[in-house]
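Have a look at the structure below before the remarks.
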Amino acid sequence: MNAFWLKITSNRFYKRLLKEPFTYVTGAVLLAVFAIAHLAVFSKGWGVTSAFADWGAWMYKLVGGNVDNWAYFSSEKAQKTLSGGFMNDGGSIRNLGIILGAFLATLFASEFKLKKIKSKKQIVAAALGGLLMGYGARLANGCNIGALFTSISSLSLSGWIFWLFLFGGAFIGSKLLAKYFM
């Protein structure tokens with residue numbers, strides 16, 4: 001078995017497709033192809049964060065909560081999605097694919113590492129940053145995929161406005177991170 005893996009990992013196609021990073025041009029072309037395919041198959045733009053709201057609702061329901069009267073979940077479409085469950089929701093399956101794909105990519109590239117947590121400040125920064133990003137994505141009605149990538153490719157002004165504030169937020173956030181958490 002060990003010889004099998006040595007033979008595969010020395011293969012030039014393995015190295016090119018799974019070990020070495022893609023160029024920016026290759027990444028851009030692949031994103032464009034996937035976005036076009038998504039639009040052709042589902043007749044709507046590519047999005048990520050809406051499914052996370054559904055995940056939260058499903059978890060809340062598991063502990064006995066009820067989201068039926070919440071404005072976001074009051075539409076017939078939202079009720080159908082919630083009653084259909086995780087495995088019948090295309091957005092959830094796509095998100096699961098993104099998560100598993102990213103994990104597999106780090107494994108194939110031998111980049112997966114468990115890192116020691118340096119301090120409690122690092123935990124606070126990660127938790128606060130994640131919460132702010134999630135909250136901001138829901139307020140903006142999308143993340144960098146739906147509100148930026150899909151909007152700009154659809155020639156929507158909102159995508160360019162999102163880009164402007166995303167760039168500004170990343171700049172300010174990196175300055176705060178370097179000052180208080182590094």
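The single condition from (1) under 30 Å from Phe42 (Cβ atoms); (2) of a type outside the set (Val, Ile, Thr); (3) modelled with pLDDT of 85 or more that Lys77 fails is (3). In region 1-22, the residues that are in a helix (DSSP H, G or I) and of a type in the set (D, E, K, R) form Cβ pairs under 9 Å with partners that are surrounded by 11 or more Cβ atoms within 10 Å (Cβ to Cβ) and modelled with pLDDT of 75 or more, at six or more places apart or across chains, as follows: Lys19/Phe108; Lys19/Ala109.
Within region 130-182, if we keep just the residues that are part of a helix (DSSP H, G or I) and among the hydroxyl-bearing types (Ser, Thr, Tyr), the residue that is farthest from the chain's Cα centre (by Cα) turns out to be Tyr180. Under the condition of being at pLDDT 85 or above and either of a type in the set (Ser, Thr, Tyr) or assigned to a loop (DSSP other than H, G, I, E, B) (or both), the residues counted in region 50-67 number 6. Of the residues Ser151, Ser158, the single one that is touching a Ser or Thr at 6+ places or on another chain (Cβ under 6 Å) and either on the phi > 0 side of the Ramachandran plot or touching a residue at least 40 places away in the same chain (Cβ under 8 Å) (or both) is Ser151. Collect the residues in region 68-77 that are over 23 Å from the mean Cα position of the chain (by Cα) and either of a type outside the set (S, T, N, Q) or in a helix (DSSP H, G or I) (or both), keeping them in residue-number order. Passing the criteria: Asp68, Trp70, Ala71, Glu76. When Lys80, Lys118, Lys113, Lys44 are screened for being assigned to a loop (DSSP other than H, G, I, E, B) and over 30 Å from Leu176 (Cα atoms), only Lys44 passes.
Criterion applied to Ala51, Ala57, Ala109 was being touching a helix residue (DSSP H, G or I) at 6+ places or on another chain (Cβ under 9 Å), in contact (Cβ under 8 Å) with a residue 60 or more places away in the chain and not aromatic (Phe, Trp, Tyr), and the one residue passing it is Ala109. Taking each residue of region 161-182 that is free of Cβ contacts under 8 Å to residues at least 60 places away in the same chain and closer than 18 Å to Leu139 by Cα and looking for partners that are part of a helix (DSSP H, G or I) and not hydrophobic (A, V, I, L, M, F, W, C) with beta-carbon atoms closer than 7 Å, six or more apart or interchain, yields Phe162/Ser151; Leu166/Asn144.
The values are calculated or read from the model by the stated rules, or taken from the named source; none is laboratory data. As the structure is a prediction and not an experimental result, all values here were calculated from the model. Every residue, glycine as well, gets a Cβ built from its backbone with ideal geometry; the counts of neighbours run over all protein chains shown.
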